[in-house]
Amino acid sequence: MISSKKSPENCDRLSASNPSVETLDLLMVRRSLTVKDMTGPGPNKDQIDQLLIIGSRVPDHKKQVPWRYLVINGDSRAKLGKVLRHVFEKNNPETDISILDFEENRFMRAPVIITIISTASPENPKVPEWEQILSAGAVCQNILIAANAMGFAAQWLSEWYAYDKEVLAELGISGDERIAGFIYIGNACKDPSERGRPDINQITTFMS
């Protein structure tokens, strides 16, 4: 499934609101699926392109675009898996081989992984760094929702390799950048169960 709508051109007039019961229904029941319960096929090239476009349609103060993408699919998953195995074994020399096998196959758990990389800078004179970081988080959520709407399962993960300098270097991520999230996308092997949600009354204050 893919949207028939084209991305608007700069300065196109857009509607200030877009009433959609289908969208509200999706948001009321959206649930991440644990990546171990995913299988192929994943989104094709056209679907990935649309996910990236939808991901970019987020609040972005002063249009700084404080994020970028790295798509991991195909053979690159196995190649990066060997990097994970090497780095994990070097840092944990007594590790059992079964754990090393698991580490090597982390990127094989889903057919497509969209990586959102935060390029937020505290030196930006126009926008506070925190606002730039929040924008990257919004990209992750947009992609999660869009993947669901396309008919795929998705999960937003980070895990240890999002913070390992050697792995980040292999991914081409500079020391000034951070991974906002790996969005694993595929088809579901089984449906997830609902998890506990907060009591809105306990976390909400109305000012009058």
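Multiply the residue separation of ARG30 and LYS82 by 0.36 nm, subtract the distance between their alpha-carbon atoms, and state the gained length in nm to one decimal.
Value of the extension gain: 15.4 nm.
Around ILE173, what is the net charge, scoring Lys/Arg as +1 and Asp/Glu as -1 over all other residues with Cβ under 14 Å from its Cβ?
Cβ neighbours under 14 Å give a net charge of -2.
Count the net charge of all other residues whose Cβ sits under 15 Å from the Cβ of LEU33, scoring Lys and Arg as +1 and Asp and Glu as -1.
Computed value for this residue: +3.
What's the Kirkwood radius of the chain in Å, using all Cα pairs?
Hydrodynamic radius (Kirkwood, Cα only) of the chain equals 19.0 Å.
Output the peptides 111-121, 142-152 sorted from most to least packed, where packing is the average of other Cβ atoms within 10 Å over each peptide's residues.
111-121, 142-152
Mind checking which lysines have their C-alpha under 21 Å from LYS36, skipping anything on the same chain fewer than 8 residues away?
Hits, sequence-local ones excluded: LYS79, LYS82, LYS190.
Give, as a single signed number, the net charge of other residues whose beta carbon lies under 12 Å from the beta carbon of LEU157, with Lys and Arg counted +1 and Asp and Glu -1.
+2
What does the helix-only formula give at 222 nm for the chain: each DSSP H stretch with n ≥ 4 adding -39500 (n - 2.57), the total divided by the residues, and the result rounded to the nearest 500 deg cm²/dmol?
My calculation for the chain gives -11000 deg cm²/dmol from helical runs alone.
Using the crude model of +1 on Lys and Arg Cβ and -1 on Asp and Glu Cβ, and no other charge, please compute the dipole size for the range 31-190 relative to its Cα centre, in debye to 20.
520 debye
At 0.36 nm per residue, minus the direct Cα-Cα distance, what do LEU52 and ARG195 gain on full extension? Give it in nm, one decimal, please.
Full extension of this stretch gives 48.7 nm more.
Report the extension gain between GLU159 and SER7 in nm, rounded to one decimal, defined as 0.36 nm multiplied by the number of residues separating them, less their alpha carbon distance.
Roughly 51.5 nm would be gained on extension.
Ordered by packing density, taken as the mean number of other Cβ atoms within 10 Å over each peptide's residues, highest first, how do 1-7, 83-89 rank?
In decreasing order of mean packing, 1-7, 83-89 become 83-89, 1-7.
Between Rg and the Kirkwood Rh of the range 1-117, both from Cα atoms, what is the Rg to Rh ratio?
Radius of gyration relative to Kirkwood radius: 1.07.
With no solvent and one equal point scatterer per Cα, compute the Debye intensity ratio I(q)/I(0) for the range 1-43 at 0.32 Å⁻¹ and report its log10, rounded to two decimals.
-1.13
Since every read-out is calculated from the coordinates, none of them should be taken as a lab result. Remember, it's a predicted structure, so these values are computed and weren't measured experimentally. Ideal geometry is used to build each Cβ from the backbone, glycine not excepted, and the neighbour counts take in all protein chains shown.
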